[in-house]
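A.B. asks: After the structure tokens below, expect a handful of questions from me.
The values are calculated or read from the model by the stated rules, or taken from the named source; none is laboratory data. From a predicted model like this one, the values you see are computed outputs, not experimental measurements. Cβ coordinates were reconstructed from backbone atoms using ideal geometry, including for glycine residues, and neighbour counts include every protein chain displayed.
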Amino acid sequence: MMRTLLVRGMLVGVVAGLLAFLWAHFVGEPPVRAAIGVEEATAAKEAAAAGTKVAEEAPLVSRDTQETWGLGTGVIIFSVAIGGFLAMVFAIVYGRVSKLRARATVAAICGLGFLAISLVPLTKYPANPPAVGSGDTISERTEWFFVLIVIALFAVVAAVRLGKQLSERWGAANATFAAGLLFVVLIAVAHLALPNENEVKAGFPPQILWDFRLANLGTQAILWASLAFGFGIAAEHAIEGKPAWWRRDAADKSSAATTT
Amino acid sequence: MATPSSALDTTQPTTVPVPVVSLKGLLPYWIFAGIVLMLAIYFVGAEEGATSMISGMGVHEFVHDARHLLGFPCH
Ligand SMILES: [Zn+2]
């Protein structure tokens, strides 16, 4: 069963990655191009002021390749990996943590995954387009970025456990609010404890930054929503033996035919 | 001839969900698939940026736009 779930999670990841890639390419690349344009204009201006020419170095990978095959490969590999982890988390959670059925369980995991892996990091270390940021701090920024994701994942687990414990005494609604409050407090503490990193240079056009960060959020949202939808159906089919919903009408009719 | 209960089962399972994989059975998957998948995320998200396992900037440059648009720190 685990093998089936893992394979399906990763296959759904391919499709989710493809959809996220389409968004990233058509919505995300324009602000990336604009940011690179700003960088080149700044470099040209500085070179002109110094009376030199901008050194033209041949790129290792052309921009065309980066925007298409490179972007697609990267997004799909990431999505397949998330799909695999989704399947393995699902196998732990299903039937143990809640009484939710397969599709609802998958939706809950994806919602919380989006929260911990995509939204929380965005609040502290938001995505930046190329040309923003300095190479000197890349190591520490990457470290703190991953530290915050790990903290957010632990905060989700803590909140879910608290919510489960309280739901018997307080009822599901109150317990959910209490769990949400615990999560927000834990993330707030992490915000205060972790160092600030602001890499955006003064004078960088804010509209490009905003467009880029919205595109980043959209890429993540499409990825998680597609995984939730696709793996929800795949897991439901694998575990509950339900035919996929588009075949269910036919199945209903045939089972009705056999009973009558 | 299907009994009414099994006819119900095909459309609306009436049982409470039960675990489908034992935690012990899950462990090897978490170890092996976990490592491979983490490595995949690492190559998309951090290789030749903060740290580097292979020399050169080929991987970084190839997945560069994905790294930015997925929100990983890059530059
Ligand atoms: Zn970059």
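A.B. asks: Looking only at residues that are within 16 Å of the ligand (Cβ to nearest atom) and hydroxyl-bearing (Ser, Thr, Tyr) in the stretch A:120-153, which one is modelled with the highest pLDDT?
C.D. replies: A:Tyr125
A.B. asks: Still on this structure: Assuming A:Phe154 fulfils every condition listed in (1) within 8 Å of chain B (Cβ to nearest Cβ); (2) part of a helix (DSSP H, G or I) apart from one, which condition is it?
C.D. replies: Checking A:Phe154 against (1) within 8 Å of chain B (Cβ to nearest Cβ); (2) part of a helix (DSSP H, G or I), the one that fails is (1).
A.B. asks: List pairs: first residue in the stretch A:191-205 and closer than 30 Å to A:Ala41 by Cβ and within 12 Å of another protein chain (Cβ to nearest Cβ), second residue acidic (Asp, Glu) and surrounded by 13 or more Cβ atoms within 10 Å (Cβ to Cβ) anywhere in the structure, Cβ distance under 9 angstrom, at least six positions apart or on different chains.
C.D. replies: A:Glu197/A:Glu140
A.B. asks: Still on this structure: Listed residues A:Thr219, A:Thr176; which is outside the structural domain of A:Thr4 (by TED's automatic domain parsing) and assigned to a helix (DSSP H, G or I)?
C.D. replies: A:Thr176
A.B. asks: Quick one: count up the residues across the stretch A:74-122 that are among the hydroxyl-bearing types (Ser, Thr, Tyr), crowded, with 19+ Cβ neighbours inside 10 Å and over 21 Å from A:Val147 (Cα atoms).
C.D. replies: 2
A.B. asks: A:Ala188 - would you say it is more than 20 Å from A:Thr105 (Cα to Cα) and surrounded by fewer than 16 Cβ atoms within 10 Å (Cβ to Cβ)?
C.D. replies: It is true that A:Ala188 is more than 20 Å from A:Thr105 (Cα to Cα) and surrounded by fewer than 16 Cβ atoms within 10 Å (Cβ to Cβ).
A.B. asks: A:Val156: under 23 Å from the mean Cα position of the chain (by Cα), surrounded by 15 or more Cβ atoms within 10 Å (Cβ to Cβ), at pLDDT 90 or above and assigned by TED's automatic domain parsing to the domain that holds A:Ala24, yes or no?
C.D. replies: no
A.B. asks: Is there any pair with a first residue in the stretch A:227-240 that is within 12 Å of chain B (Cβ to nearest Cβ) and a second that is of a type in the set (Ser, Thr, Tyr) whose Cβ atoms are under 6 Å apart and which are 6 or more apart or on different chains, and what are they?
C.D. replies: Final answer for the pair search is A:Ala238/A:Thr4.
A.B. asks: Go through (1) at pLDDT 75 or above; (2) in a loop (DSSP other than H, G, I, E, B); (3) within 16 Å of the ligand (Cβ to nearest atom) for B:Pro19 and report which single condition fails.
C.D. replies: (3)
A.B. asks: Ok, one more. When A:Asn196 is evaluated against the numbered criteria (1) modelled with pLDDT of 95 or more; (2) exposed (fewer than 13 other Cβ atoms within 10 Å of the Cβ), which criterion, by number, is the only one it fails?
C.D. replies: Every condition holds for A:Asn196 apart from (1).
A.B. asks: Hey, another quick one. Test of understanding: among A:Ile117, A:Ile92, which residue is more than 15 Å from the chain's Cα centre (by Cα) and either more than 16 Å from the ligand (Cβ to nearest atom) or part of a loop (DSSP other than H, G, I, E, B) (or both)?
C.D. replies: It is A:Ile92.
A.B. asks: Just to be sure, is A:Val80 in a helix (DSSP H, G or I), away from every other protein chain (no Cβ under 11 Å) and touching a residue at least 60 places away in the same chain (Cβ under 8 Å)?
C.D. replies: It is false that A:Val80 is in a helix (DSSP H, G or I), away from every other protein chain (no Cβ under 11 Å) and touching a residue at least 60 places away in the same chain (Cβ under 8 Å).
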